[in-house]
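Here the structure is laid out as structure tokens; the discussion comes afterwards.
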Amino acid sequence: DGGITQSPKYLFRKEGQNVTLSCEQNLNHDAMYWYRQDPGQGLRLIYYSQIVNDFQKGDIAEGYSVSREKKESFPLTVTSAQKNPTAFYLCASSTPWTYNEKLFFGSGTQLSVL
Amino acid sequence: DAKTTQPPSMDCAEGRAANLPCNHSTISGNEYVYWYRQIHSQGPQYIIHGLKNNETNEMASLIITEDRKSSTLILPHATLRDTAVYYCIGRGSQGNLIFGKGTKLSVKP
């Protein structure tokens, strides 16, 4: 089955700890994205990558870091600098931006602070 | 950024058509209008998109006004499984798609 896999589904972070959320896709998509969703809110873009070894900050990148060493993988690290990390995190992928692309989403990771 | 405006919530009776409106008066001439939906605690799902002409697929129909300032997503025979948050999406200054708060559609028996 082609799709996007996010893991883990639930993650708990202790104070001062960095945690990494995994996102893997087998759709052969060049572009990948990370979004954050707070309860009752829309999605906000954290980081995006349009090609391997390149990525750009979205609207709320502070306290987060990413890497894009392989086309199929785009892990997100929530660092200790992110003071309010509790949220639902969504990874997505698409064909390159052409103003006519469709996003495919994973099932999300719920991150909570202990 | 292309701003979209949607009602926060709507109700629809099961089996009836659900018509979800969206205003996108700042959309530029070459930008598509996209619709996605999100069922609770899942990732958003693509529904449909269009530029100028009306579009239809197996999930829904999209009606775009001639001036492109608004559109309506139509679910022709809503079922309980269509209960979700529906997003009409614009494009930000960086080129990325922007998801607002959407419309929470409740389909009732």
Histogram of C-alpha separations across the protein assembly as shown, 10 Å bin width, %: 8, 33, 35, 20, 5, 0
Excluding exposed DSSP-loop GluC sites (Glu not before Pro) (at most 15 other C-beta within 10 Å), longest clean stretch of chain A: A:16-61
Rounded if a/c under 1.5, otherwise prolate or oblate - chain A, Cα gyration tensor axes: prolate
Separation of the B:THR26 and A:LYS71 label points, Cα + 7 Å toward Cβ, nm: 3.6 nm
For segment A:55-114, accessible area per residue (1.4 Å probe, heavy atoms of protein chains only), Å²: 45 Å²
Area accessible to solvent at B:ILE74, 1.4 Å probe radius, in Å²: 40 Å²
Within chain B: Cβ-based charge dipole about Cα centre, in debye rounded to nearest 20 (Lys, Arg +1; Asp, Glu -1): 220 debye
Length gained when the stretch A:GLN50-A:SER22 is fully extended (0.36 nm per residue, less Cα-Cα span): 8.3 nm
Bridge type composition, chain A - antiparallel percent by DSSP, nearest 5: 90 percent
Shape category assigned to chain B from the gyration tensor of Cα positions, a/c cut at 1.5: prolate
Free-standing Cys residues across the protein assembly as shown, given no other cysteine C-beta under 4.7 angstrom: B:CYS12
Around A:PRO96: net Lys/Arg minus Asp/Glu count, Cβ-Cβ under 15 Å: +1
Shielding by partners - mean other protein chain Cβ count within 10 Å, residues of A:50-63: 1
Accessible surface buried upon B-A contact (total; probe 1.4 Å; Å², nearest 100): 1800 Å²
Summed residue charge, Cβ within 14 Å of B:THR65's Cβ, Lys/Arg positive, Asp/Glu negative: 0
Residues of segment A:72-114 buried by at least 40 Å² on assembly (accessible area, 1.4 Å probe, chain alone as reference): A:TRP97, A:TYR99, A:ASN100, A:GLU101, A:LYS102, A:LEU103, A:PHE105
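The values are calculated or read from the model by the stated rules, or taken from the named source; none is laboratory data. No experiment lies behind these values; they were computed from the predicted model shown. Glycine gets a Cβ as well: all are built from the backbone with ideal geometry, and neighbour counts include every protein chain shown. Please note that ligands, DNA and RNA were not included when accessible areas were found on the heavy atoms of the full protein model with its side chains. Shrake-Rupley method; radii C 1.70, N 1.55, O 1.52, S 1.80 Å.
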